[in-house]
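All remarks here apply to the structure that follows.
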Amino acid sequence: MKVKSMLLTALVFVAVASYGQYSGQSYAPNVITTAVPFVSIAPDARGGAMGDCGVASEPDVYSMHYNAAKYVYLPSKLSIGLAYSPWLRNLADDMNLAYLAAAYKINDRSSVAASLRYFSCGDIEFRDDHNQLIGVYKPNEWAIDATYSRMLGDYLSGAVAGRFIYSDLTQGQVNDAKPGISVAADIGVFYKRPVEWFSSMDADFSWGVSITNIGSKMNYNGMSTKKDFIPTTLRLGPSLRLHLDEYNTLAFNVDFSKLLVPTPPARDVMTGEIIAGYDNNVSTVMGMIQSFYDAPGMGYNYNTGEWEYYGKFYEELCEINIGGGVEYWYNNIFAVRAGYFNETALKGNRKYITVGAALRYNVFGLDVSYLIPVNTVAGTNPLENTLRFSLSYNMGAKKG
């Protein structure tokens, strides 16, 4: 069993590396866009240091973003967290994402948690049609949510969450524009149990599945009937935690994620008619279902000036993002982390390495992470060369 598990781990990381080899630069990218992308940003430094992994990693106060079902496994009675991520630091010094979370363990079988996410666009100058300054405003977006997590069996837990999303990007300074509002829900399951795969050490194996931001489409214009999808996301993956000895633990995490949002169809350049794929102006539920089979499978080739077919199934696979992360703890006091995130060129081409560390002292914890873009062709990553911070307070935490 030890050989099989080691081989499986190796294959997963080989898959992550090989998946990113397709350059796809000769084709026009068919990127799926949504409203309020800020709710998709990993808010915490821990997940941000492990390739944005978190659906099956060890639970913490920031689990809401990845999989709320993990909250019932928290080792603390009460946990509070505050995270801060500068945004586009190379271009502006007043854009950021702030995140506040709290979790309370009711008993060994149930927990509740809530979080507030706030994204500030900084100071933005608004000007009229004659380029005259109207004023300086601070566009912002925020989301507030709450969840209930409960054990469903000896090793399996589940959770449901509700979320309210508010996006005010125009501050009332654009005609017919209004703040965007959406109500959404999350569902998730989490499985964790000790395994005897290694004769020389104890180990825990876990897996998780979550669907986040299942909610109403958003409209910024009261006069328009067309609405934008919010980033409904399916996330799943395994985690293996090795207790090397009394003081040292090592965990491997892998996340597969996919937007459950319709793929834009291929349209005729002259007429705008759909020549491949499906109409993406559908309901939220239909969009989630359609997202599994609606890829047009063809793209415009810049080199030849013609449409070329590369396959629907291939494009559907390209819509799956892969993140892998490793976390090492010494005596549950100090940790170092590293990870890698890959998105294919056809769907955005985000590729980056992440590193980070953590320090725990009594009931307090500090996490930091740093992002290093691998592919600079796609443009600057908003979190490039930026330190991110997370603070945590855990009352009644147990070692382990």
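Just so it is clear, none of the values below were taken in a lab; they were calculated from the coordinates. Bear in mind that the values here come from a model prediction, so they are computed numbers and not experimental data. Note that we place each Cβ from the backbone using ideal geometry, even for glycine, and neighbour counts take in every protein chain shown.
If you wrap a convex hull around the alpha carbons of region 82-192, what volume per residue comes out, as a whole number of Å³?
122
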Mean separation of Cα contacts under 8 Å, 6 or more apart, over the residue count of the chain: relative contact order %: 20
- prompt: When all C-alpha to C-alpha distances in region 179-311 are sorted into bins of 5 Å, what percent of pairs does each bin hold, rounded to whole numbers?
  reply: 2, 9, 13, 13, 12, 11, 10, 9, 7, 6, 4, 3, 1, 0
Centre separation in Å (Cα based) which lies between region 98-138 and region 27-41: 19
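Cβ under 13 Å from Leu391's Cβ, Leu391 left aside: what net charge do those residues give with Lys, Arg +1 and Asp, Glu -1?
Residues close to Leu391 contribute a combined charge of 0.
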query: What residues qualify as long-range amide H neighbours of Leu260, i.e. H under 5 Å apart, gap of 5 or more or another chain, H built at 1.01 Å from N?
result: Thr232, Thr233, Leu234
message: Can you tell me the orientation of helix 2-19 relative to the chain, as the angle in degrees between its alpha-carbon axis and the longest Cα principal axis, to the nearest 10?
response: 20
- prompt: Relative contact order for region 229-326 using alpha-carbon pairs under 8 Å, separation at least 6, rounded to a whole percent?
  reply: 27
- prompt: Taking the radius of gyration and the Kirkwood hydrodynamic radius from Cα positions alone, what is the Rg/Rh ratio for region 257-400, to two decimal places?
  reply: 1.14
statement: Spelling it out for Asn30: with amide H atoms placed in the peptide plane at 1.01 Å from N, the residues 5 or more places away or on another chain with amide H under 5 Å from its amide H are none
- request: May I ask you to list the aspartates and glutamates whose Cα is less than 17 Å away from that of Lys258, ignoring any residue fewer than eight positions away on the same chain?
  value: Asp52, Asp186, Asp294, Glu315, Glu316, Glu319, Glu343
statement: What the 20 Å binned alpha carbon P(r) of the chain shows, as percent of pairs per bin from 0, is 25, 58, 16, 1
- prompt: So if we plug the beta-carbon distance of Val195 and Met270 into 1/(1 + (r/R0)^6) with R0 = 41 Å, what FRET efficiency do we get, rounded to 0.05?
  reply: 0.10
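Where in the chain lies the longest segment free of trypsin sites (Lys or Arg not before Pro) that are both loop residues by DSSP (not H, G, I, E, B) and have at most 10 other Cβ atoms within 10 Å?
The answer is 1-225.
Among the listed pairs Lys77/Lys192; Lys178/Lys226; Lys105/Lys217; Lys138/Lys178, which have their C-alpha atoms separated by more than 24 angstrom in this model?
Lys105/Lys217
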Derived scalar couplings ³J(HN,Hα) [region 294-305; Karplus, 6.51 cos²θ - 1.76 cosθ + 1.60; whole Hz; x for Gly, Pro]: 9, 4, x, x, 8, x, 7, 8, 5, 6, 9, x
field: Under-5 Å amide H pairs with Asn248, H placed in peptide plane, nonlocal only
entry: Asn331
Fraction in percent of alpha-carbon pairs per bin - 5 Å, region 104-263: 2, 7, 12, 13, 14, 13, 10, 8, 7, 5, 4, 3, 2, 1, 0, 0
field: region 121-197 - percent relative contact order, Cα under 8 Å, separation 6 or more
entry: 25
